[in-house]
Amino acid sequence: MGSRPGHNRCNMLGLMLCLLAGVTWAGCAPTVKKAEEWLTPSVKSEKEMGREFAQEAAKKLSLVEDPDILEYVAHIGAPIVEAAQPMTYRFRFHVVKSPTLNAFAVPGGHIYLYSGLLLKARHPGEIAGVIAHELAHVKHRHTAQMIGKGTLVNLATLAAILISRGEPAVTAGAAGAGMAMQLSFTREFEQEADRYGLFYLYQAGYDPNGLLDFFEMMMREQRFSISRIPPYLLTHPLSTERMAQIESLVQIHRLQVTQPRELADFHRFQALLQAEVAGATQVIPLFQQRVEENQVDAKAWHQLGLVYLRYGWVKESLQALSRSLELDPTLASAWADLAMLQARMGRWEEAQALFQKALELRPEHGPFLAKMGEALVQKGSPSEALQFLDRALAADPLLIRAHEMRARAKKDLGDDGGFHEDMASFHEKMDRTVEALKHFRLAMKAYGEKSPKGEEMQRRIEQLKAS
């Protein structure tokens, strides 16, 4: 005989009441455990939550849209994602324009890093430490478990807490702090994220001490600004005891890396980001001061040249970039940036020679090949541009802008299907799902739905929807 209509709903209501009331009656204990299992979102639900949150965050948060900046963050995070395999989620990295020291991850694989934190970091290893810790929270489903236990109510609460944290315009005073406490990870969750985060860093080739460096920086910020706790610490409680435990884990498991993974051009990344989040009246004097403090610092001159260029100071940019290379002729990215500047000025022969110097220093370096391709698109040489852009993406699949440039080249050559396919790839890497799906459908139509390429586009549509 089947159960009465509504019987299961009544049972679930009872389970929820037991769970949320925190009842200790022995007869309710199995019910509480079952309720937690029933109320914990499935992996599929987590992915849906992540998509919904990302859509809401795009409306409420000011997000960085510069592909160069997002590519750099992806290059820091990709080895950690690989080290944490097998992985249920496809991770995406977002950068929030905000001076606060903050970062968070949401179910489904979205990790948000605030510009204040990225600019405060002293080396890529500190950012890698943050990413590894946040990735561990997602992989081990800590937020989903908190929803199951009733300590975090739902996606709406999650969105309200995370989007408001550290943002005065949307935080409601003490209420905002009270909400943040709902998402404060338990000691067990933090210890687990520390432990797995350290191992992911080690497996990725990073120095695990990068996580300690980051936490030490947070502790310093807390000491120097007693009245304002860094928002990151509201949900990731930190103590000297916890720091000692992390140090102990590194020593006990001998997580020393003899040749830590390094990522070049961190100075370039921070200059681009600084110019993205602030105006010329703030940024240019900042980098001018750095040059004045050390006149022989080639990287400082490179940074100044980049910010000059960002604000349209072409002559000044040319002088600063040239000075950086006089001081350090091995600064490959400065050669590539100077080459792009010459290309924009229509000096194609000079640009080509400068690109060659950059590629001599870093052969087959994806970003340099992509810049060369972009310059050739601007020159009106799409066939030649495609050769460089194809090489760029073969050398570095994480590149983003290269897809947009390849789309432009294919459009110039009359390849409608190729244009839409690469635009779809560009939007997919920018986490613009709606635009990506639109271009995939247009590519499928251009190729022919029953053609091999058309069927490939259909598969990519299905994969994107499921991610």
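The values are calculated or read from the model by the stated rules, or taken from the named source; none is laboratory data. The structure displayed is predicted, hence computed values, not measured ones. Positions of Cβ are backbone-derived with ideal geometry, glycine not excepted, and every protein chain shown enters the neighbour counts.
So for the stretch 237-246 (the condition being closer than 24 Å to residue 113 by Cβ, within 25 Å of the chain's Cα centre (by Cα), modelled with pLDDT under 85 and not hydrophobic (A, V, I, L, M, F, W, C)), does at least one residue qualify?
Yes, there is a match, as at least one residue in the stretch 237-246 is closer than 24 Å to residue 113 by Cβ, within 25 Å of the chain's Cα centre (by Cα), modelled with pLDDT under 85 and not hydrophobic (A, V, I, L, M, F, W, C).
Looking at the stretch 84-93, which of its residues are surrounded by fewer than 19 Cβ atoms within 10 Å (Cβ to Cβ), in contact (Cβ under 8 Å) with a residue 12 or more places away in the chain and not hydroxyl-bearing (Ser, Thr, Tyr)?
Those that are surrounded by fewer than 19 Cβ atoms within 10 Å (Cβ to Cβ), in contact (Cβ under 8 Å) with a residue 12 or more places away in the chain and not hydroxyl-bearing (Ser, Thr, Tyr): 87, 90.
Is it fair to say residue 189 is touching a His at 6+ places or on another chain (Cβ under 6 Å) and either surrounded by fewer than 20 Cβ atoms within 10 Å (Cβ to Cβ) or modelled with pLDDT of 85 or more (or both)?
Here the answer is yes, as residue 189 does meet what is asked.
Is it true that some residue in the stretch 312-328 is buried (at least 21 other Cβ atoms within 10 Å of the Cβ) and of a type outside the set (A, V, I, L, M, F, W, C)?
Checked the stretch 312-328: at least one residue is buried (at least 21 other Cβ atoms within 10 Å of the Cβ) and of a type outside the set (A, V, I, L, M, F, W, C).
Report every pair of residues separated by at least 6 positions or lying on different chains whose Cβ atoms are under 9 Å apart, first residue within the stretch 251-268 and farther than 11 Å from residue 333 by Cβ, second of a type in the set (Val, Ile, Thr).
256/250; 263/76
How many residues, within the stretch 438-467, are without any contact (Cβ under 8 Å) to a residue 40 or more places away in the chain, in contact with a helix residue (DSSP H, G or I) (Cβ under 9 Å, 6 or more places away or on another chain) and under 19 Å from residue 89 (Cα atoms)?
Qualifying residue count, the stretch 438-467: 4.
When you scan the stretch 288-307, do you find a residue that is surrounded by fewer than 20 Cβ atoms within 10 Å (Cβ to Cβ) and within 27 Å of the chain's Cα centre (by Cα), even just one?
There is no residue in the stretch 288-307 that is surrounded by fewer than 20 Cβ atoms within 10 Å (Cβ to Cβ) and within 27 Å of the chain's Cα centre (by Cα).
Which one is surrounded by the most Cβ atoms within 10 Å (Cβ to Cβ), of the residues in the stretch 399-432 that are in contact (Cβ under 8 Å) with a residue 24 or more places away in the chain and within 17 Å of residue 467 (Cα to Cα)?
Once the filter is applied, the top-ranked residue is 424.
With the requirement that a residue be in contact (Cβ under 8 Å) with a residue 24 or more places away in the chain and part of a helix (DSSP H, G or I), what does the stretch 377-393 give you?
377, 378, 379, 382, 383, 385, 386, 391, 392, 393 - these are the residues of the stretch 377-393 that are in contact (Cβ under 8 Å) with a residue 24 or more places away in the chain and part of a helix (DSSP H, G or I).
Return yes or no: is residue 115 in contact (Cβ under 8 Å) with a residue 24 or more places away in the chain and more than 12 Å from the chain's Cα centre (by Cα)?
no
I need the full set of residues from the stretch 207-235 which are in a loop (DSSP other than H, G, I, E, B) and either at pLDDT below 75 or in contact with a Cys (Cβ under 7 Å, 6 or more places away or on another chain) (or both), in order please.
225, 226, 227, 228, 229, 230
One line per residue, one yes/no per condition, for (1) among the charged types (D, E, K, R); (2) in contact with a helix residue (DSSP H, G or I) (Cβ under 7 Å, 6 or more places away or on another chain):
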position	(1), (2)
348	no, yes
361	no, yes
373	no, yes
378	no, yes
381	no, no
384	yes, yes
390	yes, no
396	yes, yes
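Grab the helices (runs of 4 or more DSSP H) fully contained in the stretch 34-149, keeping just those with 3 or more residues being over 27 Å from residue 371 (Cα atoms).
Those helices (runs of 4 or more DSSP H) span 43-60, 115-120, 124-139, 142-149.
Name the pairs whose Cβ atoms lie under 9 Å apart, with the first residue in the stretch 349-361 and under 10 Å from residue 335 (Cβ atoms), the second of a type in the set (Val, Ile, Thr), and 6 or more positions between them or separate chains?
Hits for this filter: 361/330.
So which residues in the stretch 327-354 are acidic (Asp, Glu) and farther than 20 Å from residue 313 by Cα?
The answer is 328, 349.
Here are the criteria: (1) in a helix (DSSP H, G or I); (2) buried (at least 20 other Cβ atoms within 10 Å of the Cβ). Tell me which single one residue 435 does not satisfy.
Every listed condition holds for residue 435 apart from (2).
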